[in-house]
Each structure stands twice: as C-alpha cells, then as structure tokens.
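The values are calculated or read from the model by the stated rules, or taken from the named source; none is laboratory data. Quantities reported herein were computed from a predicted structural model and do not represent experimental measurements. Note: ideal-geometry Cβ built from the backbone for every residue, glycine included; neighbour counts use all protein chains shown.
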C-alpha cells in the first residue's frame, strides 16, 4: 500500500521492558520484521530514539545543562542505530546509518539527496542523532525526515495499540481512536508526540499511523493496508 515509509522506533522499545540497554533477542525480531517489509518492495527509513540509554528531559538529567543533556541523548540514538544496522545486515540486507552529527568513523553524515539515493537503491536507511540540534525530540526528527524523504506515511511503533483519550495504563475508561486529526491531538493535549512534531505533520499534511510493535508482524500488516492502531490525518 505504501511505496516509501518512515518508521519511528523508541529507544525504550528496544530495551523490551528492561528499562535500560538493548535486548539482543528483541532487536533481531525487529530486524526480521523490517526485512519482511523490505521484501514487499517498500523503501524504509528509520528514526530511532535513545531513551533506553539517556533522555535529555529525564530525571537523570535534572541538574544538567539542557544542551549538554540533549547532545548526550543524540549520541544514545547513534548506539541504537548501529545495533539495529548490525541486526539488519546479519539478514543479508544493505543498511546505512546517517547521523545528523558528523562522526565519519561510525556513520555517514546526513545528506538528504544521498539518503534518497540509498532508498532508491533498495537500502534501508537509519537516521540517527535526531535533528542534530538540542531542544528537538526524535519525534520531531522523525516528522522532519519523513517530509524530507517524501515518505507516504509516518509509522510510529509504540508499546500501546493506538491513540487513547487518556493513558490506558492508568485509566481503564480510556477509549481508542481509530482516526483522529492533528488538531484534535493538540486540542486535547494527547501525549502521542511532542507538539512541534504534531504541528510539523499537520502543516505538511503528513499522515501518521500509531500502532503497537509488541505483536509480531504488525509492521508488515500496516504496510499492507490492514487497519491497526490509530490513523492521524491533517
């Protein structure tokens, strides 16, 4: 159903409930799902978070300068990107890590035209280090990269199966939205993505699907057009 997608993976998801670090078994399962989607003929860009190591806005950074903390968070995303690249390449696929912060020994610098060329050649591209700027989350980086590579949709894989009216882990009466607009997310202050990312997607009419990555095969199902999770439109 989609020719080119941008997949957003959270760092916490790669920890698979451990809270810190990378779960080796789970990251290989994610790589296998990405390989399945690639086999369908879909071009895939990926943005990974770094919350399983360090978050610039977390309690652990409370006494730190925000800029320094955010830079540490960006470097955490590079660790996750390299780990995911390794898992994908073990399946025989070609994968490139492109970093918004230059570090030539471990990743290519992010250049939009080069990223587009990698995708056209059938390579999987992982975008690391967020936007390269402090005060911007990896959600904003995912929105930005989705627009830059002209993705058909932004896929946000999370630990819950969609967008709810309240936190389903805390409120048993929370209801799930099958479809919702970006304006409704902003109006209801739903904690799906940060407001910068939501506004960016809304202003550029980028559709987004929020779904659970806990069930194996969900990424391929979404790509194939199955109605999973919540669809967000402008």
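I'm trying to understand the selection: among the residues of segment 200-225, which are more than 24 Å from residue 29 (Cβ to Cβ) and more than 17 Å from the chain's Cα centre (by Cα)? Listed by number, the residues that qualify are 202, 203, 204, 205. Every listed requirement among (1) touching a helix residue (DSSP H, G or I) at 6+ places or on another chain (Cβ under 8 Å); (2) in contact (Cβ under 8 Å) with a residue 24 or more places away in the chain is met by residue 195 save one, (2).
Among the candidates 165, 143, the residue that is surrounded by fewer than 20 Cβ atoms within 10 Å (Cβ to Cβ) and touching a strand residue (DSSP E or B) at 6+ places or on another chain (Cβ under 8 Å) is uniquely 165.
Per-residue answers, yes or no, for (1) in contact with a strand residue (DSSP E or B) (Cβ under 7 Å, 6 or more places away or on another chain); (2) closer than 26 Å to residue 36 by Cβ:
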| position | (1), (2) |
| --- | --- |
| 189 | no, no |
| 220 | no, yes |
| 223 | yes, yes |
| 230 | yes, yes |
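Filtering segment 56-92 to residues that are in a loop (DSSP other than H, G, I, E, B), in contact with a helix residue (DSSP H, G or I) (Cβ under 6 Å, 6 or more places away or on another chain) and at pLDDT 95 or above leaves only 91.
Across segment 148-178, the number of residues qualifying as over 25 Å from residue 16 (Cα atoms) and in contact with a helix residue (DSSP H, G or I) (Cβ under 7 Å, 6 or more places away or on another chain) comes to 2.
Which one of these is modelled with pLDDT under 90 and under 19 Å from residue 98 (Cα atoms): 49, 11, 45, 17?
Every option except 11 fails the conditions.
Determine whether segment 125-140 contains at least one residue that is over 23 Å from residue 193 (Cα atoms) and either touching a strand residue (DSSP E or B) at 6+ places or on another chain (Cβ under 7 Å) or assigned to a helix (DSSP H, G or I) (or both). No, every residue in segment 125-140 fails to be over 23 Å from residue 193 (Cα atoms) and either touching a strand residue (DSSP E or B) at 6+ places or on another chain (Cβ under 7 Å) or assigned to a helix (DSSP H, G or I) (or both). On inspection, residue 51 passes the criterion of being in a loop (DSSP other than H, G, I, E, B) and either more than 16 Å from the chain's Cα centre (by Cα) or under 30 Å from residue 150 (Cβ atoms) (or both).
In summary, residue 205 fulfils each of the numbered conditions (1) surrounded by 15 or more Cβ atoms within 10 Å (Cβ to Cβ); (2) out of contact with any strand residue (DSSP E or B) (no Cβ under 6 Å at 6 or more places or on another chain) with the single exception of condition (1).
Considering only segment 65-85, state which residues are exposed (fewer than 15 other Cβ atoms within 10 Å of the Cβ) and either without any contact (Cβ under 8 Å) to a residue 24 or more places away in the chain or in contact with a strand residue (DSSP E or B) (Cβ under 8 Å, 6 or more places away or on another chain) (or both). Step through it out loud before you land on a result.
First, the residues of segment 65-85 that are exposed (fewer than 15 other Cβ atoms within 10 Å of the Cβ): 65-68.
Those that are exposed (fewer than 15 other Cβ atoms within 10 Å of the Cβ) and either without any contact (Cβ under 8 Å) to a residue 24 or more places away in the chain or in contact with a strand residue (DSSP E or B) (Cβ under 8 Å, 6 or more places away or on another chain) (or both): 65, 68.
The residues in segment 96-124 that are under 16 Å from the mean Cα position of the chain (by Cα), in contact (Cβ under 8 Å) with a residue 40 or more places away in the chain and either in a helix (DSSP H, G or I) or closer than 18 Å to residue 72 by Cα (or both) can be counted, and the count is 1. Do we have any residue at all in segment 152-164 that's assigned to a loop (DSSP other than H, G, I, E, B) and modelled with pLDDT of 95 or more? Scanning segment 152-164 turns up at least one residue that is assigned to a loop (DSSP other than H, G, I, E, B) and modelled with pLDDT of 95 or more.
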